[in-house]
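These notes are about the structure you will find just below.
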Amino acid sequence: MSAIDYTQELSVVEGKPPLREIDELIIQPLDTKPDKNFFIALSITGSMLLLGALMLAWSFYKGTGVWGNNNPVAWGFPIVNFVFWVGIGHAGTLISAILFLFRQKWRTGIARFAEGMTIFAVMTAGVFPIIHTGRPWLAGYLLPYPNQHDLWVNFHSPLVWDVFAVSTYFTVSFVFWYVGLIPDFGTLRDRTASKIKKVIYSVFSLGWRHSNRHWQHYEMVYLVLAGFATPLVLSVHTIVSFDFAVSILPGWHTTIFPPYFVAGAVFSGFAMVQNVLIIIRKIFHFEHIITLDTLERMNKIILLTGMMVGYAYAMEFFIAWYSGVQPEQFAFLNRAFGPYMWAYWIMVSCNVIFPQFFWIKKIRRKISVMFIIAVLVNVGMWFERFVITVTSLSRDYLPSSWAYYKPTLVDGGILIGSFGLFFTLLILFTKSLPVISISEVKAVVDGAQPSHGEH
Amino acid sequence: MSDKTIFAYSALFDSPDDIIHAAEEVKKQGFEKYDVNTPYPVHGMDDAMKLSPSKLGYVALFFGLSGMLAAIILTYFTSVVDYPQVIGGKPFYAFPGYVPVMFELTVLSAAVLTVATMLLIFFKLPNNRHPLHDTNYMKAVSSDKYGLYIEIEDEKYDEAVIKSLFERFNAKVIEPIYYDDTEVEHKNRIFEPKFIIGLVLIAVITSGTTYFTLNKLMFMIPFSWMMDQDKIVPQESYELFADGFGMRNPVEGTIARGQLPYEYYQKPEEAAVALINPLFPTAENFALGKKKYDIYCSPCHGYHGEGDSRMRGQFPNPPSLHSEKVRDWTDGRIYHVITEGQNVMPSYSTQLSREEKWATVLYIRALQRSLNAKESDLE
Amino acid sequence: MSEPVNPVEYTKKELPASMSKIATALIAIGLIGVILAYLFDTTRASFNGLVMLMFVTSIGAGSVFLIAIEYLGGAVWSTPFRRVSEFLGAVVFLLPLLALPVYLNLHSIFEWTHLEVVEADKILSGKSAYLNPTFFTVRVIIFFSIWILFYLILTRNSKKQDSNGDQNLTKINIKVSAIFIPFFGLTLTFAAIDWIMSLEPHWFSTIFGVYYFSGTMLAALSFATILIVYLNEKGYFVKGISKDNYYSLGALLFAFVNFWAYIAFSQFLLIWYANLPEETFWYLARWDGAWKYVTISTIFIHFLLPYIVLAPQPAKKDPKRLIVASVIILFAHFLDIFWLVMPTFGKESFAFGWIEIAFPILAVGLILFVFVFKYKSENLVPIRDPKLKRGLNFRL
């Protein structure tokens, strides 16, 4: 048992590095030519992306009949993937906004990266409802604008709420991310030797001068943005859950869906951030900034949110029985013991059982094990959306229309393509922008703040 | 060097404590046009510089409420005024259902517009022409030094005083900052050929893309509004079948729903004997017969069957339906005429169903009876 | 091993005599009212007793939860205040006492205790494996004992630390808190289902436990805030507590006001939208007659009013506005429980009279009395808590 001294605050950045070293460490991937591994990784994700693009082109050419979606299960893979990717995005905003409001300093090392993941995940997610319409180039019809048809969108439709929620979420996350990047662009601009880079950085830095008269407003705006992003991130997955829960389908219509979806989103998002961070800190030698303590805290949050998700599963089951409503009871028995029981038990074991290993401190601090558990959590959370979407639809009130949903190869190709898109963007991001916020990390290095706070 | 215009006098410090002291002192001395530049926000600096609290919170409040108001107006106008629809049995303006949209628009407007206000109005960015740019001072403060500068325009500006002040606070580098030459002689570059060529290029590319999209792309698969589909349109040829027709004949003996074949073509006498009116003379059947008679028969035969055509000689007048010949015909015989036509009268098979034809026959019988009533009808 | 922590300089001041006088007076008035109420109209009094029981549960169990999340989250700003929650948490000992009169009148409160009704009703007889007096009693005993057990462990360790300054006690408490959280989640949920949701045994809502939890947090936090701000302004704590500590307190309160609204709205929207008769009747009962105005006023008192009071940045640092907001929230939570429970009693109209006033008076008096009682024997500040100094130097 190693003794922890609770009288001292744990330093967020290990070893008190000089500020200039932080610059160099973070900016190094931007200044050096990409190595072989980079191109290998990029070509793998690029081919995945290409596969997805080809499958999509084929779907558009032939029509959505090439997917597995059938008559009762009209929401197949596209919606499952949509909910999964939106969920992945939530961890980023949680880390950057909610933990900011809670003044958790350990967030600084991972916030920028997680925000980037949010943006890429929301972009990936946004693809799916649009392709699910079958003719994505007509997606503009989803927006309320005065038109010749004299029609308006139905503001009561949760699908319209989705349009508003996801596009607002993307915009605000992007603004949040960019606002955080401005000072770093300023630093990049002043460091770079290349002329072209300098022009680019100057344009994006907007001529930032690190002025304290600006910092004052900047911090205020950051607080305001965090204050707005926090309810926003809750609302997004809440609205995604409304897609299901405002219906009257057993297994979809249950009041716990909003907080349950949010907890699930945070759960899967943290797992994904964990996975990617473990790789990134290894490749770019960020061990001092993304410390083991940070990873351990992430694991604790994974454990906590995993238990919340488990609570929701249990509550759904209990209340389904308690309600005495026959279709409700059937829906849940069908989930656990029906034709999709394999998916259900993958979900339960990955989401509820495996994260329990994080009760053990050694496992929380063992990188290889936490990586595996995080992967399992992502698998489990994907299956959670699959279970919710497919089991309820495939066996609804009308037994005559029951059918088994089987995804096709095209569905699989598009799913792989979505991972390709996400990771391609992520890999390009690591080489083009500082993946750790330079100015924020500097502010939390030991000795960065004046020692005499009292005035 | 000396011909350059000086902008400010600057000092660089090594530690956050030094810069806080320096800033406090500079403020105390009564300087106004000075600023502190640090690689990250230093806590306590706002107090040291005695800056009044940021007003951006109010800006966010204003934009947030505007966004919410916009959402209320949008939802109310579209779903109550312009396009009211009953959805899910809810009233037109069912408030809870609009809360999500209202919330999202509030956040969108507050977040985006507050940031825009800060950058564009509070900071007057983008501005890459500030004299601080590209100075050693800037390069130092954007990395690991803490800088402070006092502008020459400050009322209390005095080089010697400032220098000694900076030295007192442990400043590591003290140097003046000059305006850049291009900053002093700013030229208008709108009419440079490069800029104009760029504009022309943008115009060509935009219009070309628009033309291509609207006139070509929208007629290609899959953008062509589903005009091309994997199916056979009626009348189309199709080589899979031996006869080359896309349409197939139904199996021999197939009868379409509601279309019994008429067995007495060219056989009026047989029809007269074999066909019997299946309809009872009820009020509904008479009403149906009258309706159909008035639509299809009356233009030539007249409303009362007297052959008083309304066609004004554009079509030959038929004889009266009250003639003895017609009165003596059986129902089947009249039915046959309606079905097949007679002389110049065409067939009404396509216009009238079987039931309607019999109803019409009933009505004709009623018309005949009305002019030639029998004694027994009075009873 | 880490060094034992040196105590922070702290001199204990006697609480103003008025505080215990107020507590005694409230208890006296309340108790007379409550006893009369039971004599006068037992059913109505039992329903009110249930409201009081749930309100005190919110404060008690909620305070234990607050202690646990402080340990678990490693928060330092709240360490100087933690004892307030520890004192308030002691009301969990009162819960069995308060539950007793309700328990004795179980038959007049809960429809599912009527055997003949249950037998005639297919849905209710389906639930009888869960909703029956024996199992109910077992569950209630489990809830109370879990809360009391964890309360005892957490506060014992905290108290022990005052004398020896052992950092290991903090470590143990962190572990205990981690174990407590899942227990707390389940017990509170089922307590809410048993005591409140089963009043309408046909109604069900999966979010109900979360809904009651959000109110619990608010009630425990706002009661603590009132005492913290009042005592700190009078100088009962140690030196060093700054506006930034207040700010964090206010921000947490603000966050939970929003959280409650979020949960309440989610539950309402889904039921309203889907419009299934087996769910909507619960809301319709709260839209009948005078209940309509109670429902609408809940939105204002529980959400909009505290939201407006707490939203501006300076408000979260201002002692006066913090107290105002806390009083509103505390009242709102009582109203909320009243709104959850009482429509089952007064199906047509809502009853309000001296009986309804007597119970909250007794509740507040009892909680205050427990606080004064605990204060006498313990320090208001955990003087040798390792996080205390950091908490006193806490800056945003």
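Tell me, yes or no, whether the stretch A:66-75 has at least one residue that is at pLDDT 90 or above, surrounded by fewer than 23 Cβ atoms within 10 Å (Cβ to Cβ) and assigned to a helix (DSSP H, G or I).
Looking for residues that are at pLDDT 90 or above, surrounded by fewer than 23 Cβ atoms within 10 Å (Cβ to Cβ) and assigned to a helix (DSSP H, G or I), one finds at least one in the stretch A:66-75, hence yes.
Does the stretch C:198-220 hold any residues that are closer than 24 Å to A:Trp252 by Cβ, aliphatic (A, V, I, L, M) and in a helix (DSSP H, G or I), and which are they?
C:Val210, the sole residue that qualifies.
I'm trying to understand the selection: among the residues of the stretch B:319-349, which are of a type in the set (Ser, Thr, Tyr) and either part of a helix (DSSP H, G or I) or within 15 Å of B:Tyr265 (Cβ to Cβ) (or both)?
Within the stretch B:319-349, the subset of a type in the set (Ser, Thr, Tyr) is B:320, B:323, B:330, B:335, B:339, B:347-349.
The answer is B:Tyr335, B:Thr339, B:Ser347, B:Tyr348, B:Ser349.
Answer with yes or no whether A:Thr45 is touching a residue at least 40 places away in the same chain (Cβ under 8 Å) and among the polar types (S, T, N, Q).
Details: touching a residue at least 40 places away in the same chain (Cβ under 8 Å): yes; among the polar types (S, T, N, Q): yes.
Here the answer is yes, as A:Thr45 does meet what is asked.
Condition check ((1) surrounded by 21 or more Cβ atoms within 10 Å (Cβ to Cβ); (2) in contact with a Gly (Cβ under 8 Å, 6 or more places away or on another chain); (3) not basic (Lys, Arg)) across all residues:
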position: C:Ile357; (1), (2), (3): no, yes, yes
position: C:Gly365; (1), (2), (3): no, yes, yes
position: C:Phe369; (1), (2), (3): no, no, yes
position: C:Lys376; (1), (2), (3): no, no, no
position: C:Arg384; (1), (2), (3): yes, yes, no
position: C:Leu392; (1), (2), (3): no, yes, yes
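Mind checking which residues of the stretch A:148-181 are of a type in the set (Gly, Ala, Ser) and facing chain B (nearest Cβ under 7 Å)? Walk me through it before giving the result.
Step one: list which residues in the stretch A:148-181 are of a type in the set (Gly, Ala, Ser), which gives A:157, A:165, A:167, A:173, A:180.
Matches in the stretch A:148-181: A:Ala165 only.
Using beta carbons and a limit of 8 Å, which pairs, at least six apart or on different chains, have the first residue in the stretch A:197-224 and more than 8 Å from every other protein chain (Cβ to nearest Cβ) and farther than 21 Å from B:Ser52 by Cα and the second one surrounded by fewer than 20 Cβ atoms within 10 Å (Cβ to Cβ) and hydroxyl-bearing (Ser, Thr, Tyr)?
Cβ pairs passing all conditions: A:Lys198/A:Thr192; A:Tyr201/A:Thr192.
Please tell me if B:Ser66 is facing chain A (nearest Cβ under 7 Å), surrounded by fewer than 23 Cβ atoms within 10 Å (Cβ to Cβ), in contact with a helix residue (DSSP H, G or I) (Cβ under 7 Å, 6 or more places away or on another chain) and under 30 Å from A:Thr230 (Cβ atoms).
On the way: facing chain A (nearest Cβ under 7 Å): no; surrounded by fewer than 23 Cβ atoms within 10 Å (Cβ to Cβ): yes; in contact with a helix residue (DSSP H, G or I) (Cβ under 7 Å, 6 or more places away or on another chain): yes; under 30 Å from A:Thr230 (Cβ atoms): yes.
No, not satisfied.
Which pairs do you get when a residue that is closer than 14 Å to A:Phe176 by Cβ, found in the stretch A:90-113, comes within reach of a residue that is buried (at least 24 other Cβ atoms within 10 Å of the Cβ) and acidic (Asp, Glu), reach meaning Cβ atoms under 7 angstrom, with the pair 6+ apart or on two chains?
Hits for this filter: A:Gly92/A:Glu115; A:Ser96/A:Glu115.
Of B:Leu240, B:Leu279, B:Leu260, B:Leu275, which residue is hydrophobic (A, V, I, L, M, F, W, C), exposed (fewer than 10 other Cβ atoms within 10 Å of the Cβ) and at pLDDT below 85?
Values: B:Leu240 fails: at pLDDT below 85; B:Leu279 fails: exposed (fewer than 10 other Cβ atoms within 10 Å of the Cβ); B:Leu275 fails: exposed (fewer than 10 other Cβ atoms within 10 Å of the Cβ).
It is B:Leu260.
Can you give me the number of residues within the stretch C:267-299 that are within 12 Å of chain A (Cβ to nearest Cβ), of a type in the set (A, V, I, L, M, F, W, C) and exposed (fewer than 14 other Cβ atoms within 10 Å of the Cβ)?
Counting residues in the stretch C:267-299 that are within 12 Å of chain A (Cβ to nearest Cβ), of a type in the set (A, V, I, L, M, F, W, C) and exposed (fewer than 14 other Cβ atoms within 10 Å of the Cβ) gives 1.
So which residues in the stretch B:116-128 are surrounded by fewer than 22 Cβ atoms within 10 Å (Cβ to Cβ), over 18 Å from B:Lys33 (Cβ atoms) and either facing chain A (nearest Cβ under 8 Å) or in contact with a Gly (Cβ under 7 Å, 6 or more places away or on another chain) (or both), if there are any at all? Don't jump to the end; show me each part of the working.
The initial filter retains those residues of the stretch B:116-128 that are surrounded by fewer than 22 Cβ atoms within 10 Å (Cβ to Cβ), namely B:116-117, B:119-128.
Checking which are over 18 Å from B:Lys33 (Cβ atoms) leaves us with B:116-117, B:119-121, B:125-126, B:128.
B:Leu119, B:Leu125, B:Pro126, B:Asn128, listed by residue number.
For the stretch C:197-209, check the following and say yes or no: at least one residue is under 30 Å from C:Lys127 (Cα atoms), over 16 Å from the mean Cα position of the chain (by Cα) and more than 11 Å from chain A (Cβ to nearest Cβ). Even if it seems obvious, please write down each step before you answer.
Kept after step one, since they are under 30 Å from C:Lys127 (Cα atoms), are these residues of the stretch C:197-209: C:197-209.
Retained after the next criterion (residues that are over 16 Å from the mean Cα position of the chain (by Cα)): C:197-207.
Next, only the ones that are more than 11 Å from chain A (Cβ to nearest Cβ) stay: C:199-200.
Scanning the stretch C:197-209 turns up at least one residue that is under 30 Å from C:Lys127 (Cα atoms), over 16 Å from the mean Cα position of the chain (by Cα) and more than 11 Å from chain A (Cβ to nearest Cβ).
Please work out if C:Gly240 is under 22 Å from C:Ala332 (Cβ atoms) and either surrounded by 24 or more Cβ atoms within 10 Å (Cβ to Cβ) or not hydrophobic (A, V, I, L, M, F, W, C) (or both). Steps first, please.
Details: under 22 Å from C:Ala332 (Cβ atoms): no; either surrounded by 24 or more Cβ atoms within 10 Å (Cβ to Cβ) or not hydrophobic (A, V, I, L, M, F, W, C) (or both): yes.
Answer is no for this residue.
Might you check whether a residue that is acidic (Asp, Glu) and more than 20 Å from the chain's Cα centre (by Cα) occurs anywhere in the stretch C:63-84?
At the first step, the residues of the stretch C:63-84 found to be acidic (Asp, Glu) are C:70.
Okay, now just the ones that are also more than 20 Å from the chain's Cα centre (by Cα), so none.
For the stretch C:63-84, residues acidic (Asp, Glu) and more than 20 Å from the chain's Cα centre (by Cα): absent.
From the set of residues in the stretch B:326-379 that are loosely packed, with under 12 Cβ neighbours inside 10 Å and under 53 Å from the mean Cα position of the chain (by Cα), which is farthest from B:Gly307 (Cα to Cα)?
Let us first name the residues in the stretch B:326-379 that are loosely packed, with under 12 Cβ neighbours inside 10 Å, namely B:328, B:343-344, B:346, B:350, B:372-379.
When the remaining residues are screened for being under 53 Å from the mean Cα position of the chain (by Cα), the result is B:346, B:350.
Values: B:Pro346: 16, B:Thr350: 23 Å.
Filtering first and then ranking leaves B:Thr350.
Search the stretch B:82-115 for residues being among the hydroxyl-bearing types (Ser, Thr, Tyr) and within 7 Å of chain A (Cβ to nearest Cβ), and hand back the single one that is surrounded by the most Cβ atoms within 10 Å (Cβ to Cβ). Full working, then the answer.
Looking only at the stretch B:82-115, we keep the residues that are among the hydroxyl-bearing types (Ser, Thr, Tyr), and these are B:83, B:93, B:98, B:106, B:109, B:114.
Subsequent filtering for residues that are within 7 Å of chain A (Cβ to nearest Cβ) retains B:83, B:98, B:114.
Numbers: B:Tyr83: 14, B:Tyr98: 19, B:Thr114: 26.
Here the residue is B:Thr114.
List the number of the failed condition for A:Asp184; all other conditions in (1) crowded, with 22+ Cβ neighbours inside 10 Å; (2) at the interface with chain B (Cβ under 9 Å from one of its Cβ atoms); (3) farther than 15 Å from B:Thr106 by Cα; (4) in contact (Cβ under 8 Å) with a residue 12 or more places away in the chain hold.
Exception for A:Asp184: condition (2).
Go through the stretch C:121-170 and give me each residue that's aromatic (Phe, Trp, Tyr), surrounded by 14 or more Cβ atoms within 10 Å (Cβ to Cβ) and not in a loop (DSSP other than H, G, I, E, B).
Narrowing the stretch C:121-170 to residues aromatic (Phe, Trp, Tyr): C:130, C:135-136, C:143-144, C:147, C:150-151.
Adding the requirement that they be surrounded by 14 or more Cβ atoms within 10 Å (Cβ to Cβ) leaves C:130, C:136, C:143-144, C:147, C:150-151.
Answer for the stretch C:121-170, where residues must be aromatic (Phe, Trp, Tyr), surrounded by 14 or more Cβ atoms within 10 Å (Cβ to Cβ) and not in a loop (DSSP other than H, G, I, E, B): C:Phe136, C:Phe143, C:Phe144, C:Trp147, C:Phe150, C:Tyr151.
Of (1) buried (at least 19 other Cβ atoms within 10 Å of the Cβ); (2) within 10 Å of chain A (Cβ to nearest Cβ); (3) over 24 Å from the mean Cα position of the chain (by Cα); (4) small (Gly, Ala, Ser), B:Ser79 satisfies all except one. Which?
B:Ser79 satisfies every listed condition except (3).
One line per residue, one yes/no per condition, for (1) more than 14 Å from chain B (Cβ to nearest Cβ); (2) in a helix (DSSP H, G or I); (3) closer than 30 Å to C:Lys175 by Cβ; (4) touching a strand residue (DSSP E or B) at 6+ places or on another chain (Cβ under 6 Å):
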| position | (1), (2), (3), (4) |
| --- | --- |
| A:Leu10 | yes, no, yes, no |
| A:Pro17 | no, no, no, no |
| A:Leu25 | no, yes, no, no |
| A:Ser47 | yes, yes, no, no |
| A:Phe82 | yes, yes, no, no |
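The values are calculated or read from the model by the stated rules, or taken from the named source; none is laboratory data. Model, not experiment: these values are computed from the prediction. Every residue, glycine as well, gets a Cβ built from its backbone with ideal geometry; the counts of neighbours run over all protein chains shown.
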